[in-house]
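The values are calculated or read from the model by the stated rules, or taken from the named source; none is laboratory data. Every value quoted in this text rests on a predicted model; they were computed, and no experiment measured them. Heads up, the Cβs are rebuilt from the backbone with ideal geometry, glycines too, and the neighbour counts pull from every protein chain shown. Keep in mind that these areas ignore ligands, DNA and RNA; they rest on the heavy atoms of the full protein, side chains included. Shrake-Rupley method; radii C 1.70, N 1.55, O 1.52, S 1.80 Å.
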Amino acid sequence: MPQALSLTNHAISASLHIEWDDGQRQQLSHHQLRLACRCADCTALRQQHGKIVVVAAIRLVKILPVGHYGVQLVFDDGHDRGIYPWPFLRSLSSLPSLPVRA
Ligand SMILES: [Zn+2]
């Protein structure tokens, strides 16, 4: 399983950039990440309503390490229960990549 080398929270583009040790780069939007939350609350909401509703303006405000397992993401709607294991993050589809900066 590839390991994440770095996580960068880009406030302007509202996306989380992940660099993996196999050279892959991923850009995941804050909105997409919040929608993908797999905590018990979000899972229950999805089961009840078929989906969860998240405002497009949602922002990721904090990234907390969870051992070697993954990260806990905290959003500006106060939601902080989502644990995102590395393989799960990796399985999310990346946004089209931005031009590589020198
Ligand atoms: Zn959740």
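Scan (1) within 13 Å of the ligand (Cβ to nearest atom); (2) exposed (fewer than 11 other Cβ atoms within 10 Å of the Cβ) for the single condition ARG81 breaks and write down its number.
Going through (1) within 13 Å of the ligand (Cβ to nearest atom); (2) exposed (fewer than 11 other Cβ atoms within 10 Å of the Cβ) one by one, ARG81 breaks only (2).
Scan GLN32, GLN27 and give me the residue that is within 16 Å of the ligand (Cβ to nearest atom), touching a strand residue (DSSP E or B) at 6+ places or on another chain (Cβ under 9 Å) and open to solvent by less than 60 Å² (accessible area, probe 1.4 Å).
Among GLN32, GLN27, only GLN32 is within 16 Å of the ligand (Cβ to nearest atom), touching a strand residue (DSSP E or B) at 6+ places or on another chain (Cβ under 9 Å) and open to solvent by less than 60 Å² (accessible area, probe 1.4 Å).
Across the range 6-20, which residue is surrounded by the most Cβ atoms within 10 Å (Cβ to Cβ) among those that are at pLDDT below 95 and hydrophobic (A, V, I, L, M, F, W, C)?
Only one residue fits best here, namely ALA11.
Search the range 37-48 for residues that are open to solvent by 50 Å² or more (accessible area, probe 1.4 Å) and pair each with any residue that is at pLDDT 95 or above and within 9 Å of the ligand (Cβ to nearest atom) when their beta-carbon atoms are under 7 Å apart and the residues are at least 6 apart or on different chains.
ARG38/GLY82; ASP41/ARG81
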